[in-house]
Amino acid sequence: MSAVKEWFGVYNIIFKHVRETYGMKELDQYIKYIADEANSDISEQMRGKPVRVSAEWFAGNFTKDGADFDLSEPDGKAEIAMRHCAAYDYMEHSTNPYDKPDDYYCDCCKKLNEQICANAGITLDIADADKKGKCRWTFSKEDK
């Protein structure tokens, strides 16, 4: 995943096309494929490392994109409290009508990034999404 704002609209168009043409089940399979194959290098970078490393990787991209968030480490976890999602804001204010985010865009983000982390042995829970640019990412890992 790259920190390039124009990609947000591209993802949105692809997700919408797959969903409308093939249905949600196929979209979910496509998102899993993107996480498992196209983003396997990201999972590999995070594997075996403290959850802070994963949170910092995402925070780095969020910073490049111009997001507004807090990064903290409560109770052995890492958390990103997103106040202003740059992806959502870009699409909301884009002059390209195809960029306009649908309600499922945040769900796709959640599924994709949770799977990327799962592939690294990290649990990511993206919650409290208002589907307008605010959400909370909590990274955790079971000690074995």
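The values are calculated or read from the model by the stated rules, or taken from the named source; none is laboratory data. Note that the structure is predicted; figures quoted are calculated from it, not measured. Here Cβ is always computed from backbone atoms with ideal geometry, including for glycine, and neighbour counts include all displayed protein chains.
Overview of values
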{"quantity": "Checking Ala118 against (1) within 15 Å of Pro50 (Cα to Cα); (2) at pLDDT below 95; (3) within 14 Å of the chain's Cα centre (by Cα), the condition it does not meet", "calculated": "(2)"}
{"quantity": "Residue that is farthest from the chain's Cα centre (by Cα), among those in region 75-94 that are surrounded by fewer than 17 Cβ atoms within 10 Å (Cβ to Cβ) and at pLDDT 90 or above", "calculated": "Lys77"}
{"quantity": "Residues of region 10-69 satisfying the condition of being more than 15 Å from the chain's Cα centre (by Cα), more than 20 Å from Ile122 (Cβ to Cβ) and crowded, with 19+ Cβ neighbours inside 10 Å", "calculated": "Leu27"}
{"quantity": "Hey, Asp36 in contact with a helix residue (DSSP H, G or I) (Cβ under 6 Å, 6 or more places away or on another chain) and either touching a residue at least 40 places away in the same chain (Cβ under 8 Å) or not basic (Lys, Arg) (or both) or not", "calculated": "no"}
{"quantity": "Single match in Gly9, Gly48, Gly60, Gly66 (criterion: within 18 Å of Ser140 (Cβ to Cβ) and not hydrophobic (A, V, I, L, M, F, W, C))", "calculated": "Gly48"}
{"quantity": "Filter result for Asp103 (in contact with a strand residue (DSSP E or B) (Cβ under 6 Å, 6 or more places away or on another chain) and without any contact (Cβ under 8 Å) to a residue 60 or more places away in the chain)", "calculated": "no"}
